[in-house]
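Enquirer: Below is a structure I'd like to ask you about.
The values are calculated or read from the model by the stated rules, or taken from the named source; none is laboratory data. Because the structure is a prediction, the values reported are computed rather than measured. So basically every Cβ, Gly included, is an ideal-geometry build from the backbone, and we count neighbours across all protein chains shown. Surface accessibility is based on the protein's heavy atoms, side chains included, excluding ligands, DNA and RNA. Shrake-Rupley method; radii C 1.70, N 1.55, O 1.52, S 1.80 Å.
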Amino acid sequence: MPTQTLGNSRTRPELIHDSEGVSVGTDVLVIGGGPAGCWAAVAAAEAGASVVLADKGYCGTTGATASAGVGVWYVEPEAEARERAIQSREQLSGWLVDRRWMHRVLDKTHERVGQLADWGYPFPTNDDGQQVRKSLDGPEYMRRMRKQVARARVRILDHSPALELLRDGSGAVCGASGIRRQRGDAWTVRAGAVVIATGGCAFQSGGLGCNVLTGDGHLMAAELGAELSGMEFSNAYAISPAFSSVTKTAFYRYATFYTDDGVLEGAGAQRGRSIIARELLSRPVYARLDRAPADIRTDLRSSQPNFFLPFDRARIDPFTEKFAVTMRLEGTVRGTGGLRITSHNCETTVPGLYAAGDAATRELICGGFTGGGSHNAAWAISSGSWAGGGAAEFAKSRRLSEHGPGRREPLQPAGGAGIRACGPIERSLSAEVITRAVQQEVIPCDRNLFRSELGLSESLGRLDDLWRRARSGLQPEHERQPTVATLRARESVAMLTHARWMYAVGRLRTETRGMHKRIDHPELDPAQQHRQLVGGLDRVWTALDPERPHSALELAA
């Protein structure tokens with residue numbers, strides 16, 4: 001298969017068509033077309049690499065960011081302002097953040113958001129005529145990012161979810177394969193390096209833009225031996241109207257919460273979501289945005305129109321009328337767990353494999369508490385830039401090496417469960433059956449938000465048994481060509497794997513820190529101020545991360 005030469009980024013990688021689909025050779029393959037994937041593709045092209053980007057949907061329109069507005073952790077390079085921004089996260093994070101990475105993210109985000117302004121993004125201005133760069137309109141942001149990806153001569157494969165990674169004889173990643181949903185055939189990309197930017201895992205719990213986020217990239221990376229970090233902090237729940245999928249929560253700062261008995265005290269505080277979640281276990285909870293000043297209500301509507309659309313359809317005025325709320329699980333989309341990165345350019349523990357955005361751990365800047373949209377948006381921008389640049393350099397080194405992917409050695413597919421059963425096919429086992437079983441273990445707040453040794457161990461027992469069945473007998477298609485049914489099987493297995501990882505490390509952390517709440521260990525334990533690693537498929541393993549977070553005192557010394 002012909003490959004593009006590093007440095008010839010003006011020429012898009014060419015597709016080769018055959019009876020089974022398309023194939024292409026490139027320097028860098030980016031899997032995922034959200035903010036992190038787009039920034040990774042642009043950065044790799046800037047470094048002179050030829051790039052292919054494969055997206056599960058239509059690049060620029062799918063995922064959590066494209067569906068609504070998002071804040072950005074954008075701070076001007078002033079020492080006092082930066083220090084305040086960092087200090088505001090340290091205690092909240094459970095003291096698991098790393099100040100070196102926080103400074104790097106603030107620097108790179110400032111640089112790239114400025115570049116976004118140069119590309120013509122219409123930031124609003126203040127009374128002094130200065131641009132306000134602390135938030136982004138999701139649809140407009142992603143429309144412009146797709147445009148920049150195309151300008152960089154990146155080959156975009158839309159509606160082309162990846163199913164598995166490919167490796168060479170040494171175990172290094174060297175591409176991926178998947179399906180083209182609209183054409184009904186397959187694709188294969190041979191690459192010098194791969195960036196996983198597939199987003200987090202929300203367990204198909206119904207959040208707006210999140211049902212495509214099933215943790216596929218984490219599963220594929222783990223099949224090559226990648227490690228994960230922070231997976232105990234994967235139980236982020238968002239307040240949502242009971243009749244809506246919108247999980248944007250910024251405006252609930254203006255809410256008063258109620259039960260049928262009256263005002264629910266403490267529900268609007270920092271830990272108010274736990275209060276709301278406990279009440280919802282036994283009775284309805286309502287909200288009303290009655291604390292929003294009248295003079296800003298029009299501005300709120302214009303800044304987040306998607307938030308208000310479900311209310312308008314239901315003919316509810318959320319500022320004056322009560323509405324029922326629920327808690328929707330967003331998992332690692334708004335959580336902090338993900339693939340462990342081992343270098344400044346976001347390389348994983350697998351040679352040639354990089355991670356960006358919600359697919360990578362955000363503990364480095366968020367610790368054990370959600371970064372919401374703001375920190376996660378900054379991380380997508382910065383980690384995408386670093387991962388794309390790092391992947392380009394790795395591809396260059398492989399291209400110049402006699403052991404590089406230019407050699408025509410056979411590629412080994414790494415995919416297992418959901419693609420290749422290792423035992424007798426279990427006819428009653430399907431993607432739908434697995435997905436429902438996983439959701440029963442992870443969506444209820446009394447299992448996942450309020451954790452205990454008993455609850456975690458019981459869930460793990462059921463999930464481990466389900467994994468054994470899926471690994472042995474789940475294979476939806478018996479034909480040579482994978483189909484959408486194969487994708488659904490892989491999504492269900494990825495969600496199952498996530499649940500096992502996060503509950504395994506949840507058992508190991510016998511304390512309450514950040515989002516991880518143990519009702520049998522309600523206090524923070526200073527001896528557990530460390531990060532935890534997890535990995536494995538047939539046998540899930542856990543370990544302490546030997547690298548400790550770097551505090552302000554340690555950096556000063």
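Enquirer: What are the residues in segment 80-110 that are among the hydrophobic types (A, V, I, L, M, F, W, C) and farther than 16 Å from S229 by Cβ, if any?
Expert: Within segment 80-110, A81, A85, I86, L92, M102, V105, L106 qualify.
Enquirer: Could you tell me whether segment 315-338 includes any residue that is within 28 Å of the chain's Cα centre (by Cα) and open to solvent by 70 Å² or more (accessible area, probe 1.4 Å)?
Expert: Looking for residues that are within 28 Å of the chain's Cα centre (by Cα) and open to solvent by 70 Å² or more (accessible area, probe 1.4 Å), one finds none in segment 315-338, hence no.
Enquirer: Take segment 485-516 and flag every residue that is within 18 Å of G230 (Cβ to Cβ), modelled with pLDDT of 95 or more and open to solvent by 10 Å² or more (accessible area, probe 1.4 Å). So that I can check it myself, show each step before the final result.
Expert: Step one: list which residues in segment 485-516 are within 18 Å of G230 (Cβ to Cβ), which gives 494-495, 497-516.
Filter once more, keeping what is modelled with pLDDT of 95 or more: 494-495, 497-513, 516.
Within segment 485-516, A504, R507, L508, T510, T512 qualify.
Enquirer: Out of everything in segment 526-535 that is over 21 Å from N448 (Cβ atoms) and surrounded by 12 or more Cβ atoms within 10 Å (Cβ to Cβ), what residue ends up being nearest to the chain's Cα centre (by Cα)? Show your work before the answer.
Expert: Start the filter on segment 526-535 by keeping residues that are over 21 Å from N448 (Cβ atoms), which leaves 526-527, 529-530.
Narrowing further to those that are surrounded by 12 or more Cβ atoms within 10 Å (Cβ to Cβ): 529-530.
Values: Q529: 24, H530: 22 Å.
Restricting to residues being over 21 Å from N448 (Cβ atoms) and surrounded by 12 or more Cβ atoms within 10 Å (Cβ to Cβ), the top hit is H530.
Enquirer: Can you name the residue in segment 124-160 that is among the hydroxyl-bearing types (S, T, Y) and crowded, with 20+ Cβ neighbours inside 10 Å and is also farthest from G178 (Cα to Cα) among such residues?
Expert: Keep residues of segment 124-160 that are among the hydroxyl-bearing types (S, T, Y), which gives 125, 135, 141, 160.
After this cut, where a residue has to be crowded, with 20+ Cβ neighbours inside 10 Å as well, the list is 135, 141, 160.
On the way: S135: 34, Y141: 27, S160: 7 Å.
Top of the filtered list is S135.
Enquirer: Right, next: Is it fair to say L463 is open to solvent by less than 10 Å² (accessible area, probe 1.4 Å) and either more than 30 Å from Q182 (Cα to Cα) or among the hydroxyl-bearing types (S, T, Y) (or both)?
Expert: Values: open to solvent by less than 10 Å² (accessible area, probe 1.4 Å): yes; either more than 30 Å from Q182 (Cα to Cα) or among the hydroxyl-bearing types (S, T, Y) (or both): yes.
Yes: the conditions hold for L463.
Enquirer: Is it fair to say R288 is open to solvent by 20 Å² or more (accessible area, probe 1.4 Å), in contact with a Phe, Trp or Tyr (Cβ under 9 Å, 6 or more places away or on another chain) and either in contact (Cβ under 8 Å) with a residue 12 or more places away in the chain or within 24 Å of T370 (Cα to Cα) (or both)? Break it down stepwise before answering.
Expert: Values: open to solvent by 20 Å² or more (accessible area, probe 1.4 Å): yes; in contact with a Phe, Trp or Tyr (Cβ under 9 Å, 6 or more places away or on another chain): yes; either in contact (Cβ under 8 Å) with a residue 12 or more places away in the chain or within 24 Å of T370 (Cα to Cα) (or both): yes.
Criteria met by R288.
Enquirer: Would you mind stating whether W101 is buried (at least 24 other Cβ atoms within 10 Å of the Cβ), at pLDDT 95 or above, of a type outside the set (G, A, S) and under 20 Å from the mean Cα position of the chain (by Cα)? Step through it out loud before you land on a result.
Expert: Working: buried (at least 24 other Cβ atoms within 10 Å of the Cβ): no; at pLDDT 95 or above: yes; of a type outside the set (G, A, S): yes; under 20 Å from the mean Cα position of the chain (by Cα): yes.
No; evaluated as a whole, the condition is false for this residue.
Enquirer: Taking interchain pairs and intrachain pairs at least six residues apart, which have beta carbon atoms under 8 angstrom, with the first residue in segment 188-201 and within 9 Å of A395 (Cβ to Cβ) and the second at pLDDT 95 or above and open to solvent by 10 Å² or more (accessible area, probe 1.4 Å)?
Expert: G192/F394; A193/F394
Enquirer: Limited to segment 215-245, what total is found for residues that are part of a loop (DSSP other than H, G, I, E, B), open to solvent by 10 Å² or more (accessible area, probe 1.4 Å) and not small (G, A, S)?
Expert: 4
Enquirer: Give the residues of segment 246-277 that are surrounded by 15 or more Cβ atoms within 10 Å (Cβ to Cβ) and within 25 Å of G506 (Cα to Cα), sorted by residue number.
Expert: Hits for segment 246-277 are T247, G272, R273, S274, I275, I276, A277.
So that you can scan it fast, the table gives a plain yes or no per residue for (1) at pLDDT 95 or above; (2) out of contact with any helix residue (DSSP H, G or I) (no Cβ under 9 Å at 6 or more places or on another chain):
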position	(1), (2)
G404	no, no
R408	no, yes
Q412	no, yes
L429	no, no
E432	yes, no
T435	yes, no
N448	yes, no
R451	yes, no
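Enquirer: I've got another one for you. Would you check which residues across segment 232-274 are among the β-branched types (V, I, T) and in contact (Cβ under 8 Å) with a residue 12 or more places away in the chain and list them?
Expert: Filtering segment 232-274 for residues among the β-branched types (V, I, T) gives 239, 246-247, 249, 256, 259, 263.
Correct list: I239, V246, T247, T249, T256, T259.
Enquirer: Hey, can you tell me all the residues within segment 119-138 that are under 27 Å from the mean Cα position of the chain (by Cα) and of a type in the set (D, E, K, R)?
Expert: R133, K134, D137
Enquirer: Conditions: (1) crowded, with 22+ Cβ neighbours inside 10 Å; (2) assigned to a loop (DSSP other than H, G, I, E, B); (3) modelled with pLDDT under 95. R183 meets all but one. Number of the miss?
Expert: Result: R183 passes all but (1).
Enquirer: Among the numbered criteria (1) in contact with a helix residue (DSSP H, G or I) (Cβ under 9 Å, 6 or more places away or on another chain); (2) open to solvent by 10 Å² or more (accessible area, probe 1.4 Å); (3) of a type in the set (S, T, N, Q), which single criterion is violated by S282?
Expert: It is condition (1) that S282 fails.
Enquirer: Sticking with this structure for a sec: Where residues in segment 153-172 are touching a Gly at 6+ places or on another chain (Cβ under 9 Å) and in a strand (DSSP E or B), which of them is modelled with the lowest pLDDT?
Expert: Across segment 153-172, the extreme among qualifying residues is R167.
Enquirer: Mind listing whichever residues of segment 342-363 are open to solvent by 20 Å² or more (accessible area, probe 1.4 Å) and more than 18 Å from N235 (Cβ to Cβ)?
Expert: Kept after step one, since they are open to solvent by 20 Å² or more (accessible area, probe 1.4 Å), are these residues of segment 342-363: 342-345, 347, 349, 351, 358.
Result: T342, S343, H344, N345, E347, T349, P351.
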